[in-house]
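Since every read-out is calculated from the coordinates, none of them should be taken as a lab result. Just so it is clear, the model here is predicted, and its values are computed rather than measured.
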Amino acid sequence: MKMPSTVESQNTVGALKVLYASSTDDDHLSLQAIFGHSKWMLFRARDLGSTLTLLREHEIAVLLCERDLLPGTWTDVLEHIQRLPNAPSLIVASRLADDRLWAEALNLGARDVLAKPFDHIEVIRSVKSAWQHWYDKRHLRVMAATATAMSQAS
């Protein structure tokens, strides 16, 4: 079953934008069901190239990324997003969400690791936490830029 590139709720004004990078259709359908009754926008990418394109086109707050995103892996995605001025918070998804993956992901800068199949409550908790981190970083940058502009004006 083909899914559109984006799954939007009816009211997308100020909606949290989440990108899920995975080639697995069932995972996309599961997340669409979880996000379906929210104001969150779910974008879909099947590979590294489409992930990077969507990140350039939209202000994505949270990026859920399959551990193995062919070609490449979540670490390749992390390397690319760390160069972005307003990088999304990264959550790694895997059927093998063991202690080793957790340690590696958190040490390299991911916000969380989600086990698959997705648990509704865990997905909501993780995405909210990742969004809060992204929002706080963004808010601090805006406040710092405003303070700098004000000090230069006086």
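Structure notes:
- At q = 0.08, 0.11, 0.18 Å⁻¹ the log10 of I(q)/I(0) for the chain amounts to -0.23, -0.42, -1.06, computed by Debye summation with a single uniform scatterer per C-alpha, solvent ignored.
- Relative to the longest principal axis of the Cα atoms of the chain, helix 99-108 runs at roughly 20 degrees.
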